[in-house]
Amino acid sequence: MKTFFIKIKQLMKFGVVGLSNTAVTLGVYYLLIYLGVNYMISNIIGYFAGSINGYIWSKGWVFKEAKATVKSSVLKYYIVYGSSLILSTAVMYLWVNVLGISDKIAPILTLCITVPYNFIFQKIWAFREKKVNKDIDSENNKDM
């Protein structure tokens with residue numbers, strides 16, 4: 001039961017970080033749209049701005065128990081984020097160019113897909129906790 005509450009707490013922390021990432025991402029996106037920048041370019045720039053915020057908070061607060069090195073976690077984090085950006089860009093194109101949804105609404109719809117995607121892959125891969133094999137450790141300690 002304790003493990004369940006730890007996972008719920010982690011998911012809630014991820015949600016808080018996600019909200020701040022969303023604020024950064026959408027803030028940059030809408031500012032660039034206001035300045036006349038193409039919506040696809042605005043989406044990419046906003047996405048990377050939010051990703052910097054997300055890495056710092058994810059590594060230091062959400063997945064702080066994880067023992068992944070900074071070098072390893074940064075690489076994995078940006079592989080996940082990069083694949084999520086590709087997914088986001090494709091979905092944005094679909095919303096706006098194929099389905100005719102407003103470029104003001106499309107990024108919000110896209111978040112419904114990319115947020116769960118990011119959480120799952122950050123949790124199971126980018127910030128994965130290393131498991132210690134207790135059986136091997138106990139066998140090694142007997143020999144000493």
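The values are calculated or read from the model by the stated rules, or taken from the named source; none is laboratory data. Nothing here was measured: the structure is a model prediction, and the numbers come from that model. Note that each Cβ is placed from the backbone with ideal geometry, even for glycine, and that neighbours are counted across all protein chains shown.
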- Item | Cross-chain or 6+ apart pairs with Cβ under 8 Å, the range 70-83 first and under 17 Å from Gly50 (Cβ atoms) and surrounded by 13 or more Cβ atoms within 10 Å (Cβ to Cβ), then modelled with pLDDT of 90 or more and of a type outside the set (A, V, I, L, M) | none
- Flagged in the range 58-86 as at pLDDT 85 or above and touching a helix residue (DSSP H, G or I) at 6+ places or on another chain (Cβ under 6 Å), in numbering order, are Lys76, Tyr77, Val80, Tyr81, Ser84, Leu85
- Within the range 2-42, can you find the residues that are modelled with pLDDT under 85, aromatic (Phe, Trp, Tyr) and surrounded by fewer than 19 Cβ atoms within 10 Å (Cβ to Cβ)? Phe4, Phe5
- So Ile45 clears everything in (1) of a type in the set (A, V, I, L, M); (2) over 21 Å from Trp95 (Cα atoms); (3) under 16 Å from the mean Cα position of the chain (by Cα) except one condition, right? Which one? (2)
